[in-house]
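What follows is a single structure, written as structure tokens, with notes after it.
What follows draws every value from the coordinates through simple rules; no lab data is involved. Owing to the predicted nature of the structure, the values given are computational and were not obtained by experimental measurement. Note: ideal-geometry Cβ built from the backbone for every residue, glycine included; neighbour counts use all protein chains shown.
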Amino acid sequence: MPGSAAIPWNAMKPISLTRYLIEEQHAGRINADLRLLIEVVARACKSISIAIGKGALGGVLGDAGTGNIQGEAQKKLDVLSNDILLEANAWGGHLAGLASEEMDHSQPIPDAARRGNYLLLFDPLDGSSNIDVNISVGTIFSVLRCPDGVTTPGDEHFLQPGTTQVCAGYTTYGPSTMLVLTVGHGTHVFTLDREVGTFMMTRRDVQVPADTKEFAVNMSNQRFWEPPMQRYVADLLKGKEGPRGKDFNMRWVASMVADVHRIITRGGIFSYPLDEKCREKGGKLRLMYEANPMAFIIEQAGGAASTGRQRMLEVQPTGLHQRVPVFLGSRNEVAEAVRYHEQFDREG
């Protein structure tokens, strides 16, 4: 149209994950090794997506007949997803070592392979109890720097607080396969174009709303919760007539990836508090494989993450499979949950 401003060619369609990473590298925000590492993880997630998509036709449903370090029964897809990520990352030359929720200990990169300067942690298939009923599951991952001078990293070298993460992401395998990623400069969403086989950016610089009327929690554990959590949820359920002055809706998928993705999309708070069933373990969710990467992603999207008593990313890990209570999502609502715990501790 005469006189109209030309639309920049790069604003006319989504950019690919590869192009986004190259732009981040050119801007000096990541280096080539981290770019290639993220691409390797993304390719592995595409393979996992294919396996999940086949379902019963691929013979991947049901129990594997084995257990993990936490004593949980493994699904066939747990084992397959773990193997896919291990194989994909063993020879890329970008890692010094990796650790999985499904393995007892971390694993250094084989001596025959070129080693890089990063450490990769991952939950290969979060929410795997939902596999057989065809509900969304996902993969969560976190990248740390290997300490200087360490050539063969052990478990102790992974025990870094979440503030040291250089990258975190998750893939959700639902009606579409989506990758949500941060390299410390905002949180971005990529959708897998299955025909082309490429992740394409579909949301840039996601911002989680500061306030919300939705909460996600496993209400079946209510009788085991601590008093501050009991009071917090009781006040949510009182709605407009209660101290919060508004009605809340509850949503619960029992897949952390799916519940967090809803929060990324439209806000909310996800809670897995300390309760009497998991008190001796420190909590339900794993700090290194679930809580820290999700906290990094949420904070980069303007949200907040806490144990209820401490900022999640400032927790100093004491074990590779350490568990913690989790509150994350819309920052004002997380602050409310924390306030209930702080008040209880002061009065206790």
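Computed over the alpha carbons of the chain, Rg followed by Dmax gives 20.5, 72 Å.
Cα to Cα, under 13 Å, and not fewer than 8 places away if on the same chain: which aspartates and glutamates meet these conditions relative to Lys277? Partners found: Glu226.
By the rule of a C-alpha distance below 17 Å, with chain neighbours fewer than 8 residues away ignored, the aspartates and glutamates paired with Lys246 are Asp211, Glu214, Asp235, Glu333, Glu336. The modelled label-to-label distance between Lys246 and Trp91, using points 7 Å beyond Cα along the C-beta direction, is 5.4 nm. A simple spin-label model places pseudo-atoms 7 Å from Cα toward Cβ; at Ile15 and Ser129 they are separated by 4.1 nm. The calculated FRET efficiency for Thr163 paired with Asn117, based on their beta-carbon distance and R0 = 25 Å, is about 0.85. Each Lys or Arg adds one and each Asp or Glu takes one away; over the other residues whose Cβ falls under 11 Å from the Cβ of Leu21, this sums to 0. Normalised by residue number, the volume inside the convex hull of the Cα atoms of the range 10-203 is 128 Å³ per residue.
Listed peptides 287-296, 146-155 appear in the order 287-296, 146-155 once ranked by packing, highest mean of other Cβ atoms within 10 Å at the front.
Under the convention that each Lys and Arg Cβ holds +1 and each Asp and Glu Cβ holds -1, the size of the dipole of the range 214-347 around its Cα centre is about 180 debye.
Computed over the range 214-347, the range of Cα coordinates on each principal axis works out to 44, 34, 26 Å, biggest value leading.
Taking other Cβ atoms within 10 Å as a rough exposure proxy, Ser271, Ser47 sort from fewest to most as Ser47, Ser271. With a threshold of 22 Å on the Cα-Cα distance, the over-threshold entries among Lys240/Lys284; Lys213/Lys238; Lys54/Lys76; Lys46/Lys76 are Lys240/Lys284.
Measuring nothing but how far apart in sequence close Cα pairs (under 8 Å, 6+ apart) lie, relative to its length, the chain scores a relative contact order of 15 percent. As a proxy for reagent exposure, Glu226, Glu299, Glu195, Glu333 were ordered by neighbouring Cβ count within 10 angstrom, fewest first; the result is Glu195, Glu226, Glu299, Glu333. Taking a quarter of the surface of the Cα convex hull of the range 78-187 gives a mean projected area of 7.6 nm². Of the residues Thr139, Thr318, Thr307, Thr18, the one with the fewest other Cβ atoms within 10 Å heads the list, and the complete ranking is Thr318, Thr18, Thr307, Thr139. Overall, the chain carries a charge dipole of about 860 debye about its Cα centre when +1 sits on the Cβ of Lys and Arg and -1 on the Cβ of Asp and Glu, all other atoms neutral.
The Cα center of the range 15-54 and the Cα center of the range 251-308 differ in position by 24 Å.
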